[in-house]
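The structure appears right after this line, and notes come after that.
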Amino acid sequence: MASIDSPTNSINTALAAQAAILSLPVTEERRMADAVRVLAMDAVERAKSGHPGMPMGMADAATVLFTRFLKYDAADPRWPDRDRFVLSAGHGSMLLYALLHLTGHAGMGIDELKNFRQLHSPAAGHPEYGEHPAIEMTTGPLGQGISTAVGMAMAERMLAARFGKSLVDHRTWVICSDGDLQEGISHEAAALAGHLGLEKLTVLWDDNHISIDGDTALSFSEDVLKRFLAYGWAVKRVDGHDHAQLAAAMAVAQRSKKPTIIACRTIIGFSAPKKAGTAGSHGSPLGGDELAAAKSALGWNAEPFTVPDGLKTRWEEAGRRSAGTRRSWLKRLAKHPMRVDFERAMAGKLPENWCEPLNALRATFAEEKPKLGTRIASQRALAALVPAVPEMVGGSADLTGSNNTDVKGVPAIGPGNFNGRYVHWGVREHGMAAAMNGMALHGGIIPYSGTFLIFADYLRPALRLAALMHQRVIHVLTHDSIGLGEDGPTHQPVETLASLRAIPNLAVFRPADAMETAECWELALRRTEGPSVLALSRQALPALRDDAAENRSARGGYVLAEAEGERQVTIIATGSEVQLAIAARETLAGHGIQAAVVSLPCWELFAQQDEAYRAATLGEAPRIGIEAAIGFGWDRWLGARGAFIGMKGFGASAPAEKLFEHFGITAAAIVVATTKLLGQEPSK
Ligand SMILES: Cc1ncc(C[n+]2csc(CCOP(=O)(O)OP(=O)(O)O)c2C)c(N)n1
Ligand SMILES: [Mg+2]
């Protein structure tokens, strides 16, 4: 298809190229691709919204992949050794739904396609994880899919190293678009994939030269394949409508010793006589006339939402292509000495007695009452957990020594070596978080990360997706306030906690001492329904607890120190400020004011407690909140008669103690605020 590559890339060139392709003899496989095209056109037309262009353009590549290369069995979409397929360009969701329908997956019948984009349909606007078992992940935010796939490919290599090739030997395939490759996250992830040599990862790039604003030349002029070559990838360029070329390139990718990207030069909206090759086909229905003309150009006569029997049969055969491979795998699994461990790991179940070493550590903390930065306490927790939970894989975005995420004797993976349980992610927070999602989605791995809390902003979109997809990923985010000191306001989070607490289904833990840190680690690991953040201090914090019997953080908040007698005030604090609340309580008692201190390490868990528990914990006395962060969200706990002590703007560069003084986040400030709130001078 030389003509389409003319530098002008005009609509005329695209239409001429399209006419040339359409004049070729029609093969059965082309017909199979046409079935994908027309289902996409029909569903978008019926929904009166959606993105027909991408499925129409990539139908050929996807058909070659799903009929000749992808290892899957429509009868069991969760088969652990299936190839993973990620539709990174999630707007092209109808491509995926059409493929699942045609290959005979249960739960994606023609009625589901007719309900594309309607409430409760598994065929949602963008692919949503959990809506159908064959949807490997939620996509739509461009760049996330390809980057998450890197994590899936890493997980495959690491599990193959642990369980052997007879149980784990599959590939990861991605279809991505121009937008995916423009997004920075994909650069991070692709660089890492090249560095690690993830040879079983293949990306099919829908190189259609079109995005929403028009020709990609408006903003996209680098030589993408040269860039990937420089990352250490194998690269290929094919006519994305030529099945033989596509198949040859995929076969080469299967043998490659490097990750492979195949630029599939396509025509967006292929077959639409007016809209093909234009942004007009990207994100809206073709319209009745154009749709009819597209079908006629393809020689497609069937009624809407109907696929001629012969074609449907061929597709269903493709959906069963690997059924025998799956049966052999099941036999191998049944006899495998590691079967029980493999099944447990893939099911996300923790090993028996996994918590014992952590309980022992908590007993030690109760006994020794160590004064530790909670990041150091976290490292002690990891030293107890990581040997006990073989699925845990740690890492840091180049801050291992600061995040304290490493465990002695636990090796890191590296290029070509996946026999390790630690990842040096490099300074790639966003890519790290997406790849961690991929590891969790793949199954068999519980990933935890490290970076500074402030750089949560560099990974937020992936964290948000983890929350949306209910994935257990754990982010160890240290240096959690002005308490980090001299590095100054660029490094001091002030709004970060509030912004993370605003993400639904994310648990944000901010433990106050070593004991709470160990408790929060236990809770994060038990939390199978979503991601957790551990916000940890750089500075050392005194031990506030000497009881280890109960995990008191489990209720999200609890009375750490009750008032002597009737409560006159309740001081609520998190993390490093709980010690200030305790100090203020003592001073206030000296003034004859009886204060209770509530530690609130996890708002989300506290909010889930019953009303009676929350009411009893928070009490009826006036409340003071203290946290070295902005007060956004605190009114939720403080009630009408509350006061908040915290940050009002950015921090500054100075030793930590000076900063707490300077910003008035002190025990003395709590005392002043209390007396003001109670309308009384402290009695002498
Ligand atoms: C992070 C992100 N930014 C913006 C969008 C909105 N959006 C959806 S598709 C698209 C670009 C379309 O171009 P391309 O990726 O080449 O897809 P094609 O039109 O070729 O199917 C944009 C900007 C998005 N989905 N994700
Ligand atoms: Mg494009």
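Panel order for Y129, Y613, by other beta carbons found within 10 Å of each beta carbon, from fewest to most: Y613, Y129.
Here the Karplus curve 6.51 cos²θ - 1.76 cosθ + 1.60, taken at θ = phi - 60°, turns the phi angles of region 639-647 into couplings of x, 5, 9, x, 9, 10, 10, x, 8 Hz, with x standing for Gly and Pro. Of the trypsin sites (Lys or Arg not before Pro) found in region 39-106, those that fall in a DSSP loop while having at most 14 other beta-carbon atoms within 10 Å are K48, R78. Rg over Rh for region 606-684 works out to 1.03, both radii taken from alpha-carbon positions and Rh defined as the Kirkwood radius. Among the GluC sites (Glu not before Pro) found in region 347-419, those both in a DSSP coil and sparsely packed, with 11 or fewer other Cβ atoms within 10 Å of their Cβ, are E352.
When you restrict to C-alpha pairs under 8 Å that are six or more residues apart and normalise by the size of region 20-128, the relative contact order lands at 29 percent. Distance from the C-alpha centroid of region 208-270 to that of region 52-119: 20 Å, rounded to the whole angstrom.
For L196, neighbours were defined as the other residues whose beta-carbon sits under 13 Å from its Cβ, and their charges (Lys and Arg +1, Asp and Glu -1) total +2.
So what is the diffusion coefficient of region 304-369 in µm² per second by Stokes-Einstein at 37 °C and 0.692 mPa s, using a Kirkwood Rh over Cα pairs? D, rounded to a whole number, is 195 µm²/s.
Annotation note: trypsin sites (Lys or Arg not before Pro) in region 257-338 located in DSSP loop regions with a Cβ neighbour count of at most 12 within 10 Å are K257.
For region 67-83, backbone phi angles converted through the Karplus equation (6.51, -1.76, 1.60; θ = phi - 60°) give residue-by-residue couplings of 9, 10, 10, 4, 8, 7, 9, 4, 6, 9, x, 9, 3, x, 9, 5, 5 Hz, Gly and Pro being listed as x. Taking Rh as the Kirkwood radius computed over C-alpha pairs, what is the Stokes-Einstein D of the chain at 10 °C in a medium of viscosity 1.306 mPa s, expressed in µm² per second? Calculated translational D: 59 µm²/s.
Bear in mind these aren't lab numbers, they're just calculated from the coordinates by the rules spelled out. From a predicted model like this one, the values you see are computed outputs, not experimental measurements. When we count neighbours, we look across all protein chains shown, and the Cβ atoms used for this are built from the backbone with ideal geometry, even at glycine.
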